[in-house]
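Working notes, beginning with the structure itself.
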Amino acid sequence: MDGKQKSRCGRFSSTHWYNNTFRSVFFAITLSVFCVTMFLFSTVFSGYYDYVMLTVRHISQEKIPSIIAHEKANHSMKTIYLHTSPFYWNSINFDGCEENRCELITKPGSLNSSDCVVFHFKVNMDNKNIPSKPRGQVWVFYAREAPPRTLTYPHWHNLVNWTFTLRRDSDFLMPYGRLFQRPKPVSLDFSKIIQRKSKGVAAMIGNCHTESLRDQYINLFEQYREVDIYGSCGKGSVNISQRHSLLNETYKYYLSFENSLCRDYITEKAFDMYSFVTVPIVRGGALYDLYFPPGSYINTNDFSTVKELADHLKFLDSNPEAYSSYFKSRNYFGSKLFTKNKLSENNILCDLCKRLHNPKKYVRLYNNFQTWWNSEDIKKLHPSKFDAAWKNYTVHCKPPTDLH
């Protein structure tokens, strides 16, 4: 190897060594900077994460956002706020329900934080005082009276989710009672009791002037049959013992006349009679065969005039066998009233609690609650035009047409 070749090799070796050293140092510095940066980032991020978690935990404990109250876990307790509900609901609990994780509350100011709000039919809500409805909250309308006995609700649009009424198309059907089938048929001998009965027709009335004009019907009926009226509209009130004696021992018929002739509106006046040995004479707007065995009651709608009804009773009085036939179903059915303080025993409030824990399955919203419950238009019409307008409106109550 000559001198030029050695010189080139030397330059090549020194340059190669210099490049390798520079790369090693640069890599070491870069790696150090990266490690320091990651250490600082992890320290800052850890502190920021702890701060965020403490903040979220604090907000959750204080329940500041209202959305937290409405996005409870499905397994939590559901609160039902009684905004204007009857006082007797206050003592009701859900202990006997299959789903009992519900609580009734009446504390003022609980509307926004409750899962469900119940409005009694006496609530007066116009445009000025309808409360705002939180997202996800369920509103329930409660009424045991007929539409003419409640207020009107012209501004309740897209607010009511579920209904508690006597209407069969309600979300929660709440009749005044029901008939139940006996586990085993019984053989009741009504003949002896019937033979002891000494009077004909009785009525117990506390509301003298009604939309059904039952007082006028009774006045017409009294032209053919005597009627003994008890209560504030007649001979005065009777106690429970006296009432039982009068209906079981004395009177053959009882006037179960409703105060309004409305769809599905049947009160205890009819249901309770199946606990006594007397024949109910019903007058209302419901389809009674949906509730009671045919042939177990007398319906005024089956007679074209009041006199025809009186003549039918006269026939039954002279034919004991025909009269006794009205009691045949009593061997197979008994009656039970849905009392005010035992709603949970009848699975009514139990069903409400169950649905609240699965609201998506029972989604409903009444676009125009006024139309569903009581058409305001029909009430504004002149009484003389009521019958003609009846065919043109979706209403659920009718005027009396049998006063002749």
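The values are calculated or read from the model by the stated rules, or taken from the named source; none is laboratory data. Just so we're clear, the structure is a prediction, and the values are computed from it rather than from any experiment. Cβ: placed from backbone, ideal geometry, glycine included. Neighbour counts: every protein chain shown.
Some notes on this structure:
- Selected residue [hydrophobic (A, V, I, L, M, F, W, C), more than 21 Å from residue 283 (Cα to Cα) and in contact with a Gly (Cβ under 6 Å, 6 or more places away or on another chain)] from 180, 190: 180
- Only one of the numbered conditions (1) farther than 21 Å from residue 256 by Cα; (2) loosely packed, with under 15 Cβ neighbours inside 10 Å is violated by residue 140, and that is (2).
Residue by residue, here is whether (1) aromatic (Phe, Trp, Tyr); (2) in contact (Cβ under 8 Å) with a residue 40 or more places away in the chain; (3) under 20 Å from residue 98 (Cβ atoms); (4) touching a strand residue (DSSP E or B) at 6+ places or on another chain (Cβ under 7 Å) holds:
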{"site": "283", "(1), (2), (3), (4)": "no, yes, no, yes"}
{"site": "292", "(1), (2), (3), (4)": "yes, yes, no, yes"}
{"site": "296", "(1), (2), (3), (4)": "no, no, no, no"}
{"site": "308", "(1), (2), (3), (4)": "no, no, no, no"}
{"site": "322", "(1), (2), (3), (4)": "no, no, no, no"}
{"site": "333", "(1), (2), (3), (4)": "yes, yes, no, yes"}
{"site": "347", "(1), (2), (3), (4)": "no, yes, yes, no"}
{"site": "352", "(1), (2), (3), (4)": "no, yes, yes, yes"}
{"site": "365", "(1), (2), (3), (4)": "no, yes, no, no"}
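- For region 151-178, residues that are buried (at least 18 other Cβ atoms within 10 Å of the Cβ) and more than 17 Å from residue 265 (Cβ to Cβ) total 7.
- Complete set of residues in region 214-229 that are free of Cβ contacts under 8 Å to residues at least 40 places away in the same chain and of a type outside the set (A, V, I, L, M): 215, 219, 222, 226, 228
So that you can scan it fast, the table gives a plain yes or no per residue for (1) of a type in the set (Val, Ile, Thr); (2) over 22 Å from the mean Cα position of the chain (by Cα); (3) more than 20 Å from residue 328 (Cβ to Cβ):
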{"site": "135", "(1), (2), (3)": "no, no, yes"}
{"site": "145", "(1), (2), (3)": "no, no, yes"}
{"site": "151", "(1), (2), (3)": "no, no, yes"}
{"site": "160", "(1), (2), (3)": "yes, no, yes"}
{"site": "194", "(1), (2), (3)": "yes, yes, no"}
{"site": "203", "(1), (2), (3)": "no, yes, yes"}
{"site": "206", "(1), (2), (3)": "no, yes, yes"}
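- Residues (in contact with a Leu (Cβ under 7 Å, 6 or more places away or on another chain) and charged (D, E, K, R)) located in region 143-202: 144
- Residues of region 329-359 satisfying the condition of being within 19 Å of the chain's Cα centre (by Cα), at pLDDT 55 or above and either over 22 Å from residue 118 (Cβ atoms) or assigned to a helix (DSSP H, G or I) (or both): 340, 342, 348, 349, 350, 351, 352, 353, 354, 355, 356, 359
- Within region 258-315, the set of residues being within 22 Å of the chain's Cα centre (by Cα), under 19 Å from residue 213 (Cα atoms) and of a type in the set (Phe, Trp, Tyr) comprises 265 only.
- Only a single criterion out of (1) farther than 24 Å from residue 160 by Cβ; (2) modelled with pLDDT under 65; (3) among the polar types (S, T, N, Q) is not satisfied by residue 100, namely (2).
- The set of residues in region 223-265 being among the acidic types (Asp, Glu) and over 30 Å from residue 169 (Cβ atoms) consists of 226, 228, 249.
- Pairs where the first residue, in region 110-136, is part of a loop (DSSP other than H, G, I, E, B) and the second is among the basic types (Lys, Arg) and modelled with pLDDT of 85 or more, C-beta under 7 Å, 6+ apart: 115/78
- Check on residue 265, surrounded by 20 or more Cβ atoms within 10 Å (Cβ to Cβ) and within 19 Å of residue 330 (Cα to Cα): no
- Residue match in region 183-191 (condition: loosely packed, with under 15 Cβ neighbours inside 10 Å, touching a residue at least 60 places away in the same chain (Cβ under 8 Å) and under 18 Å from the mean Cα position of the chain (by Cα)): no
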